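The values are calculated or read from the model by the stated rules, or taken from the named source; none is laboratory data. Since we're looking at a predicted model, the values are computed, not measured. Neighbour counts are summed over all protein chains in view; Cβ atoms, including those assigned to glycine, are modelled from backbone coordinates with ideal geometry.
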């Protein structure tokens, strides 16, 4: 059976499904989307929830599971989201829908990175926009009530005339701060982001954008206006990993996605990932996974 090609899935793609962008359960624009219930997506559910179809999320997703369950593959790793759970996934993640229960119902929020321009972004919200968040939390009744209240307030503000972008930005910030509280960090004072942490965040953004074609420390150091030696030290001290650990992981994920979701030959993948030849690519892949590219592909079928 032919593999399904990786597609982008963002707010703009949803709008292009020729649906009505607003109803009693959903509000969809090019840079902000809020779905209170899957009932509000019934007219396009079959077009989006296609089993085994991989999508790369243009915007991230905050998903609150109200009832039932949904099974997905997130960056090739299978996961299940059950009722009373929250999932937060950054932009750029690759998702496949595997299965959802008949009683599945959820609330979902998506917004473009540009939507938060001009707003002070700290901690979890900053990491989310930079592509570094993939978390799942079980919620107690009090946390669920708090979350539902925030989503309902967002919904009310969306229908204000005129719509206040600043108010919605503030509510998004509150939502992410509340999620931090759910993680057990709420009792600690929010500390000011250091220059080292800011540089690390910018480095991660650069890796997400350039890792496929740029694999040397000097490139990233140049983009950040620091020396290669300083960058190596900073990344190791901040994350416990090296610059090349981060770069290689990003390249490996792209390789795995191509092996799983395209029929491209190994030499074609090696070329698209800027390896000098297929042999270099195979050695890299085996060093990272313990398998050859073809062994990995066969194991995923």
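Could you check, for region 233-246, whether at least one of its residues is without any contact (Cβ under 8 Å) to a residue 24 or more places away in the chain, part of a helix (DSSP H, G or I), out of contact with any strand residue (DSSP E or B) (no Cβ under 9 Å at 6 or more places or on another chain) and surrounded by 16 or more Cβ atoms within 10 Å (Cβ to Cβ)?
No - not one qualifying residue is present in region 233-246.
Taking the conditions (1) closer than 23 Å to residue 201 by Cβ; (2) surrounded by 17 or more Cβ atoms within 10 Å (Cβ to Cβ); (3) at pLDDT 95 or above in turn, residue 131 satisfies each one other than (3).
With 153, 175, 163, 137 as the choices, which residue is under 19 Å from the mean Cα position of the chain (by Cα), surrounded by fewer than 17 Cβ atoms within 10 Å (Cβ to Cβ), outside the structural domain of residue 199 (by TED's automatic domain parsing) and farther than 24 Å from residue 194 by Cβ?
Only one candidate qualifies: 137.
Here is a yes/no grid of residues against (1) under 21 Å from the mean Cα position of the chain (by Cα); (2) assigned to a helix (DSSP H, G or I):
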{"residue": "5", "(1), (2)": "yes, no"}
{"residue": "13", "(1), (2)": "yes, yes"}
{"residue": "65", "(1), (2)": "yes, no"}
{"residue": "71", "(1), (2)": "yes, no"}
{"residue": "102", "(1), (2)": "no, no"}
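Looking only at residues of region 198-223 that are touching a helix residue (DSSP H, G or I) at 6+ places or on another chain (Cβ under 8 Å), surrounded by fewer than 16 Cβ atoms within 10 Å (Cβ to Cβ) and more than 21 Å from residue 270 (Cβ to Cβ), we find that the one that is modelled with the highest pLDDT is 218.
Each row is one residue, and each column tells you yes or no for (1) in the same structural domain as residue 173 (by TED's automatic domain parsing); (2) outside any strand (DSSP E or B); (3) touching a helix residue (DSSP H, G or I) at 6+ places or on another chain (Cβ under 6 Å); (4) on the phi > 0 side of the Ramachandran plot.
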residue	(1), (2), (3), (4)
81	yes, no, no, no
88	yes, no, no, no
91	yes, yes, no, no
108	yes, no, no, no
124	yes, yes, yes, no
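Going through (1) closer than 25 Å to residue 200 by Cα; (2) buried (at least 16 other Cβ atoms within 10 Å of the Cβ); (3) at pLDDT 95 or above one by one, residue 255 falls short only on (3).
Specify which of the listed residues (280, 284) is on the phi < 0 side of the Ramachandran plot and either surrounded by 15 or more Cβ atoms within 10 Å (Cβ to Cβ) or not in a helix (DSSP H, G or I) (or both).
On the way: 280 fails: either surrounded by 15 or more Cβ atoms within 10 Å (Cβ to Cβ) or not in a helix (DSSP H, G or I) (or both).
So the residue among 280, 284 that is on the phi < 0 side of the Ramachandran plot and either surrounded by 15 or more Cβ atoms within 10 Å (Cβ to Cβ) or not in a helix (DSSP H, G or I) (or both) is 284.
Just one of the listed residues (35, 89) is buried (at least 20 other Cβ atoms within 10 Å of the Cβ), touching a residue at least 60 places away in the same chain (Cβ under 8 Å) and either under 28 Å from residue 249 (Cβ atoms) or in contact with a strand residue (DSSP E or B) (Cβ under 8 Å, 6 or more places away or on another chain) (or both), namely 35.
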